[in-house]
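The structure appears below as structure tokens.
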Amino acid sequence: MQLTSAQRLKFQLFEHGLSITRDALQALKQAAAGQALSSDDFASTSGIILRLEDNVWVNAPVSIFNPNFVVNSPYLLEHGNDGFVVRGNGLESRAKYWPQPKFHSQVGADGLPLTNYVVTHGDRARLSPIHGCGMVCKFCDVPYGVRYGKKPIPAMVDAVGRAIADPLQPARHLLISGGTPRSADIGWLKEVYRAILTSFPSIDIDIMMVPVDDLLNVEELGLMGVHQLSINLELFSDYAARRFMPQKFRQGRNHYLNFIENSATALGAGRVRSMLMVGLEPPEETLHGVQAIVERGGVPVLSPFRPDPTTPLKAMPPPSADLMQSVFLSAMEIVDKGSAHLGPSCVPCTHNTLTLASTSQGSGHHSHGQPFLV
Ligand code: SF4
């Protein structure tokens, strides 16, 4: 598989991040119209969202939000008469910038920022019902710095409605994710799922969650209209799982794989994704994970490790572009053999994953809408 310049740039940007010229920074600020350049809300969404040529979406790390590893990147965002261009090491692509929705700078009826509940990336909003997390994974910023707590359901319903109605970047679909509940809050989170699924029946709603006991009743969620589940394996090797995500390790890899298989049987093909993080374990382990997910009827999603400045792994480097590209190409062979595909299938949602649009070489094959780009 021959990758284009824009496609290769995506891997390089995940490793090195992006430098920005003074003119380009000015143009970004103008396009952002007073908002921050990035929502910077999760480890993997801390960068600026660009669409390169060949429909390549990338969440490019920048030093403003990732000073821990973006230092003098050889990849430069420039701005001229024809708009934005990314250049470096012989690679080049025109680029469009994705400005944040209006609601990101607004408050809800409770006086709190709406981003306390919902943040949009591309064409998808993400609702996080829980502050913090009942688990602690060392690569994830969610449990660090924020105390565990539940958010009020009416405020969450209001925030999702505001994200869908946003005049600049209306959310076309929704992911409910965020932290894992403590056992005492499982009933409450089921109520959240019910409230959101029944309040917004006209959009696709996915749930990303750790398979803890009694939380995800897949048949019931299917009847309520859930679109997809994301049951993230994250790391395949015992060694890395024990080291970086001890609670998930104790649940056991087979627990995850069995849950993926049973959910895929209940919901149907293509409706259960599972994320694997690239860069915290040997690549062959990640590829074993891809194979195992495909064999269980799931859709593998490759997520590049991005060291978050608030986590214990802040000083670890991201994986090299060569390693990411090689894992991506090998994973494509595995999914092709299994008549499967790499997720996510929504092209704008590939901004922080090792997935490419199928119009060129990859698996992403549709958009829920056309996000506004500058
Ligand atoms: S369970 Fe999920 S949200 Fe919680 S720390 Fe681990 S990766 Fe982060």
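The values are calculated or read from the model by the stated rules, or taken from the named source; none is laboratory data. All values reported here derive from a predicted model rather than from experimental measurement. Backbone-built Cβ (ideal geometry, glycine too); neighbour counts: all protein chains shown. With ligands, DNA and RNA removed, areas are computed over all heavy atoms of the protein, side chains included. Shrake-Rupley method; radii C 1.70, N 1.55, O 1.52, S 1.80 Å.
Once the Cβ-Cβ distance of residue 315 and residue 243 is raised to the sixth power relative to R0 = 25 Å, the FRET efficiency obtained is 0.95. Diffusion of segment 211-369 by Stokes-Einstein, at 37 °C in a medium of 0.692 mPa s and with Rh set to the Kirkwood radius over alpha-carbon pairs, works out to 204 µm²/s. In terms of distances greater than 30 angstrom between alpha carbons, the cross-link table entries 29/151; 102/150; 151/314; 138/190 yield 29/151.
With each label modelled as a point 7 angstrom along the Cα→C-beta vector, the residue 138-residue 71 pair spans 2.1 nm.
Where the accessible area of the chain is counted over protein heavy atoms with a 1.4 Å probe, how much of it, in %, is carbon and sulfur?
On the way: 7330 of 15080 Å².
Carbon and sulfur: 49 percent of the exposed surface of the chain.
Under the simplified labelling scheme, the residue 188-residue 223 pair shows an inter-label distance of 2.6 nm, with each label point 7 Å from Cα along Cα→Cβ.
Once the 1.4 Å probe is applied to the protein heavy atoms, segment 5-97 comes out at 42 Å² accessible per residue. Over all projection directions, the Cα-based convex hull of the chain averages an area of 16.7 nm². Basic side chains Lys and Arg get +1 at the Cβ, acidic Asp and Glu get -1 at the Cβ, and with that the dipole of the chain about its Cα centre reaches some 540 debye.
Between residue 30 and residue 148, take the C-beta separation as r, use R0 = 56 Å, and let me know the FRET efficiency to the nearest 0.05. Can you show the working numbers first?
Numbers: r = 39 Å, r/R0 = 0.70.
Calculated value: 0.90.
Considering only 183, 73, 237, the mean-square fluctuation computed in a Gaussian network model of the chain, springs between alpha carbons under 10 angstrom, is largest for 183.
Amide hydrogen proximity for residue 75: with H placed 1.01 Å from N in the peptide plane, the residues at 5 or more positions away or on another chain lying under 5 Å are 19.
Work out the FRET efficiency for residue 105 and residue 295 from their Cβ-Cβ distance, taking R0 = 56 Å, and round it to the nearest 0.05.
Values: r = 45 Å, r/R0 = 0.81.
It comes out at approximately 0.80.
Antiparallel beta bridges, as assigned by DSSP with both residues in segment 102-352, represent about 25 percent of the total such bridges. Think of it this way: in the chain, 133 stand alone, with no other Cys Cβ under 4.7 Å.
Other residues within the sphere of radius under 10 Å centred on the Cβ of residue 102, judged by their own Cβ, net out at 0 (K and R +1, D and E -1). In this rough spin-label picture, where each label sits 7 Å from Cα along the Cβ direction, the residue 21-residue 214 distance is 6.1 nm. With Cβ to Cβ distances under 13 Å as the rule, what net charge do the other residues near residue 52 carry (K, R +1; D, E -1)? For residues surrounding residue 52, the net value is +3.
Determine the percent antiparallel among the DSSP beta bridges restricted to segment 95-187, to the nearest 5.
Details: 7 of 11 bridges.
Roughly 65 percent of the DSSP beta bridges within segment 95-187 come out antiparallel.
When a/c is below 1.5 the answer is rounded, else prolate if a/b is larger than b/c, else oblate, so apply that to segment 5-81 with a ≥ b ≥ c taken from the square roots of the Cα gyration tensor eigenvalues. Can you show the working numbers first?
Numbers: a/c = 1.32, a/b = 1.08, b/c = 1.22.
Rounded.
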